[in-house]
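Asks: Mind having a look at this structure? Questions to follow.
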Amino acid sequence: MIGMSPSKSLVSSNGDERMDQIPRRREVPRGNSKGTAVVTGASSGIGRVYAERLARRGHDLILVARDRPQLEALAIRLAHETGRCIETETADLSDKGDLTRIEALLSSDPKVSLLVNNAGVGAPASLLDSDAGELARMVDVNVTAVMRLTRALLPQFLSRGSGAFINIGSILGIAPEVENAVYGGTKAFVLAFSLALHKEFAQRGIHFQAVLPRQNNMGANDLVDAALIGFDGGEVVTIPSLPDVSDWEGDEVARQHRMPNRSLRGPGARYRSAPADIAGTASKPHGREPEESAHL
Ligand SMILES: NC(=O)c1ccc[n+]([C@@H]2O[C@H](COP(=O)([O-])OP(=O)(O)OC[C@H]3O[C@@H](n4cnc5c(N)ncnc54)[C@H](OP(=O)(O)O)[C@@H]3O)[C@@H](O)[C@H]2O)c1
């Protein structure tokens, strides 16, 4: 049992679970694999469907979540049904030690070609009605784990000039006022992170897709199938239920249009004179001289 981690298991294409053979895992025949896809939060919901779809597309898989029995049952079934090599990694992504272990695994595995950052936690109550520790753990899973796992994989993707990330955000990332403010904030991060990295790395062969579902409005099967069509089409942002893509593109056009005006050296004209009732007290909006806004 030397070298075996209690948190991982391997299922070969004949479905045999081989907990004691981890050091030999790369020797499992994989014929025609599209590379390994890592799916976080694969034990249920959207992540589970991604695992199924990606195995059927020819990916070997590394499935990550806390619920080991669910992960292993899925791995055994998918290995039987698809002939792919499926590994499971039991990990709590809000736990520093577990996250570090998964980072190390990803950064040292040259077969990984796709990471689906899907694991996520919601918040049923508002900021004041939520436990601060729970919210911090949500940030750990929804933000920190996404950032760290992406960062762990990027160097090897860049060195071979290919690789892809599918980051599961939420429509609440662009409509944060609808539910818990922290959840919306974490999903705004996922969108911003994906857009920024797309800009930085698309020319070097790395694809980023942010998927923005809306809670409970669509079954996971339909959602993932739609998102994968968007992925295949090279979309950077996919809103699975959006009937008319020009609605999103219009937002993008407006955003890009604002871009040059957001970092001028002086304030907008409406901030150049104080409202009558506070005249004399606000001649320097927020105490800044116009020149100081040059780098905002
Ligand atoms: N369903 C929707 O309509 C919808 C809408 C908007 C956004 N989303 C986003 O889609 C993603 C998946 O959501 P879902 O609806 O499929 O939810 P779900 O069924 O509750 O699945 C969440 C997954 O994340 C994993 N997870 C949660 N905390 C974790 C932790 N600390 N460490 C490791 N894994 C953890 C869970 O596995 P374990 O419990 O086994 O750890 C589970 O596999 C999330 O990012 C969510 O925010 C979903």
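No lab work stands behind these numbers, since they all come straight from the coordinates. Because the structure is predicted, anything quoted here is derived from the model rather than measured. Cβ atoms come from the backbone with ideal geometry, glycine included; neighbour counts cover every protein chain shown.
Asks: Using the count of nearby Cβ atoms within 10 Å as a rough guide to exposure, how do Asp129, Asp225, Asp109 rank from fewest to most?
Replies: Listed from fewest to most nearby Cβ atoms, that is Asp129, Asp225, Asp109.
Asks: With a 10 Å Cβ neighbour count serving as the proxy for reagent exposure, in which order, fewest first, do Leu197, Leu61, Leu149 appear?
Replies: Fewest-to-most Cβ neighbours within 10 Å comes out as Leu197, Leu149, Leu61.
Asks: While we're on this one: Between Met259 and Glu81, how many nm apart are label points set 7 Å from Cα along the C-beta direction?
Replies: According to this spin-label approximation, the distance is 4.2 nm.
Asks: Right, something else. For the residue pair Asp247 and Ala220, what label-to-label distance in nm results when each label sits 7 Å from Cα along the Cα-to-beta-carbon direction?
Replies: 2.5
Asks: Sticking with this structure for a sec: Amide H to amide H under 5 Å from Val112: which residues, 5+ apart in sequence or cross-chain, H placed 1.01 Å off N in plane?
Replies: Thr36
Asks: Pairs Lys8/Lys34; Lys96/Lys187; Lys34/Lys187; Lys8/Lys199: which are spaced more than 24 Å apart, C-alpha to C-alpha?
Replies: Too far apart for the 24 Å limit: Lys34/Lys187; Lys8/Lys199.
Asks: For the stretch 8-265, calculate the relative contact order in percent as a whole number, restricting contacts to Cα pairs under 8 Å that are 6 or more residues apart.
Replies: About 15 percent, as a whole number.
Asks: Sort Arg255, Arg66 by Cβ crowding within 10 Å, fewest neighbours at the top.
Replies: Ranked by crowding around the Cβ, least crowded first: Arg255, Arg66.
Asks: Pop a pseudo-label 7 angstrom from the Cα along the beta-carbon direction at both Lys199 and Ser7 and give the gap in nm to one decimal.
Replies: Modelled inter-label distance: 3.4 nm.
Asks: Quick one: P(r) of the stretch 127-269 from all Cα-Cα pairs, 5 Å bins, percents rounded to integers, in order of increasing distance.
Replies: 2, 9, 16, 19, 19, 15, 12, 6, 2, 0, 0
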